[in-house]
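Structure record follows, encoded as structure tokens.
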Amino acid sequence: MFIGHFGVGFGAKALAPKVSLGALFLAAQFVDLLWPTLLLLGAERVRIEPGATAVTPLVFEHYPISHSLLAVLGWALLASLTYLLLRRDRLGAVVLGVLVISHWTLDAIVHRPDLPLFPGSATVIGLSAWSSVPITLALEVPLFVLGALMYGRATTPKDASGRWGFAALVVFLVGVYVGNLFGPPPPSSEAIAWVGQSQWLLVLWAYWIDRHRHASNRAQAAVR
Ligand SMILES: [Zn+2]
């Protein structure tokens with residue numbers, strides 16, 4: 001799952017118009033943003049095995065801190081409380097917490113059974129939608145399209161940066177997705193980690209776009 005998570009982040013703007021798209025992306029992708037650092041520190045492990053699934057050659061051997069259900073609930077709580085303290089926006093805090101959890105839920109649909117319930121748990125969750133490219137696309141593409149449309153409706157560009165920055169981000173995410181699906185497997189787990197770290201730039205990009213767009217009247221009315 002890649003663009004699906006970003007789709008959910010985009011779509012959440014309709015629920016919480018005051019929260020920047022950057023924060024929504026940060027929450028929806030939080031555990032995947034944490035994961036590269038844990039890989040580089042050696043605290044978590046991934047193996048590359050071409051053909052492991054139809055969609056990705058990555059085998060998630062050990063990732064209890066970023067991807068066990070218990071840890072994800074903890075990260076969600078942390079994200080919510082941090083936002084609440086910083087912005088005093090209860091709705092925004094709840095939406096961000098739910099977004100962090102949504103990541104695990106969507107991963108659980110596509111991953112092979114490799115998501116532990118808690119660190120050290122022998123019970124692993126995963127419905128293996130990644131065993132089929134058509135099923136994965138049927139899940140992820142509508143999620144992304146719907147989310148991007150919802151963000152487009154919930155916000156209006158203030159200027160050309162707001163308009164074209166958003167369009168370029170959508171095109172860029174689709175490009176990365178297609179590259180991941182059809183490109184060669186990554187050379188090493190270290191390379192995966194560094195590509196993963198580059199996702200922080202997407203969060204910054206989203207913050208920048210959101211500064212160049214304002215909440216549409218429709219979205220503001222829905223909140224009132
Ligand atoms: Zn993940």
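For the pair segment 50-64 / segment 79-122, the C-alpha centres are spaced 21 Å from each other. Average accessible surface for the chain: 49 Å² per residue, computed with a 1.4 Å probe over protein heavy atoms with every protein chain in place. Between PHE182 and LEU81, the contour length at 0.36 nm per residue exceeds the Cα-Cα span by 32.4 nm. The apolar share of the surface of segment 1-61, taken as the fraction of accessible area on carbon and sulfur atoms (1.4 Å probe, ligands and nucleic acids excluded), comes to 61 percent. Relative to the dominant Cα principal axis of the chain, helix 30-41 is inclined by about 40°.
Between helix 69-87 and the chain there is an angle of about 20 degrees, using the helix long axis and the longest principal axis of the Cα atoms.
Based on the alpha-carbon gyration tensor of segment 66-224 and its eigenvalue square roots a ≥ b ≥ c, which shape applies: rounded if a/c is under 1.5, prolate if not and a/b is larger than b/c, or oblate? Since a/c reaches 1.5 but b/c is at least a/b, the shape of segment 66-224 is classed as oblate. Between THR123 and ILE48, what is the label-point separation in nm under the 7 Å Cα-to-beta-carbon projection? The two pseudo-label positions are separated by 3.5 nm. Between the Cα long axis of helix 133-154 and the first principal axis of the chain there is an angle of about 20°, rounded to the nearest 10.
If you place +1 on the Cβ of every Lys and Arg and -1 on the Cβ of every Asp and Glu, how big does the dipole about the Cα centre of the chain come out, in debye to the nearest 20? It comes to approximately 1060 debye.
For segment 134-224, a/c is not less than 1.5, where a ≥ b ≥ c are the root eigenvalues of the C-alpha gyration tensor, and a/b tops b/c. That puts it in the prolate class.
The values are calculated or read from the model by the stated rules, or taken from the named source; none is laboratory data. In this text the structure is predicted, and so the values were computed from the model without any measurement. Here Cβ is always computed from backbone atoms with ideal geometry, including for glycine, and neighbour counts include all displayed protein chains. In case anyone asks, the SASA skips ligands and DNA or RNA and just uses the protein heavy atoms, side chains included. Shrake-Rupley method; radii C 1.70, N 1.55, O 1.52, S 1.80 Å.
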